[in-house]
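Heads up: the structure comes next, in structure tokens.
The values are calculated or read from the model by the stated rules, or taken from the named source; none is laboratory data. Just so we're clear, the structure is a prediction, and the values are computed from it rather than from any experiment. Here Cβ is always computed from backbone atoms with ideal geometry, including for glycine, and neighbour counts include all displayed protein chains. Only protein heavy atoms, including side chains, enter the accessible area calculation; ligands, DNA and RNA are left aside. Shrake-Rupley method; radii C 1.70, N 1.55, O 1.52, S 1.80 Å.
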Amino acid sequence: MSSEKMKLELKRLRKELEKALIRGMVAPPCVQTAETKKELVKSMGQARVERLKSSSANYISNFQSSAKGAWVTKAKTTFENTSKKLTTITEDGK
């Protein structure tokens with residue numbers, strides 16, 4: 001084998017070694033970091049949805065006890081339907 005071919009082969013082997021090191025040492029922590037961030041965003045979203053549901057339920061309860069008249073029942077039904085839609089949207093997005 002000529003020295004030029006040996007140099008080319010060594011360069012190729014070095015490049016393959018560098019790729020293997022990157023795949024084995026650098027990539028796994030990066031993938032784990034990305035997965036961790038995805039889970040964090042998902043849990044933050046779920047927490048916000050739960051707070052919104054709780055606030056909505058409290059609002060409906062306070063609204064019903066403070067407002068008077070026939071229109072209150074319709075408004076309460078609208079609030080409840082909106083809450084159900086929110087629940088459906090969040091369940092579909094899981």
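What to note about this one:
- Listed by first and then second residue, the pairs with beta-carbon distance under 9 Å, at least 6 apart or on different chains, first residue in the stretch 1-16 and free of Cβ contacts under 8 Å to residues at least 40 places away in the same chain, second exposed (fewer than 10 other Cβ atoms within 10 Å of the Cβ) and not small (Gly, Ala, Ser), are GLU9/MET1.
- In this entry, VAL26 passes the filter for residues that are assigned to a helix (DSSP H, G or I), open to solvent by less than 90 Å² (accessible area, probe 1.4 Å) and free of Cβ contacts under 8 Å to residues at least 12 places away in the same chain.
- Residue-level check: of (1) of a type outside the set (Val, Ile, Thr); (2) surrounded by 10 or more Cβ atoms within 10 Å (Cβ to Cβ); (3) under 30 Å from LYS84 (Cα atoms), ARG12 misses just (3).
- Considering the stretch 58-70, and only residues there that are among the aliphatic types (A, V, I, L, M) and assigned to a loop (DSSP other than H, G, I, E, B), the residue that is least open to solvent (accessible area, probe 1.4 Å) turns out to be ALA67.
- Out of THR87, THR73, THR36, THR82, sole residue that is of a type in the set (Ser, Thr, Tyr), modelled with pLDDT under 75 and open to solvent by less than 100 Å² (accessible area, probe 1.4 Å): THR87
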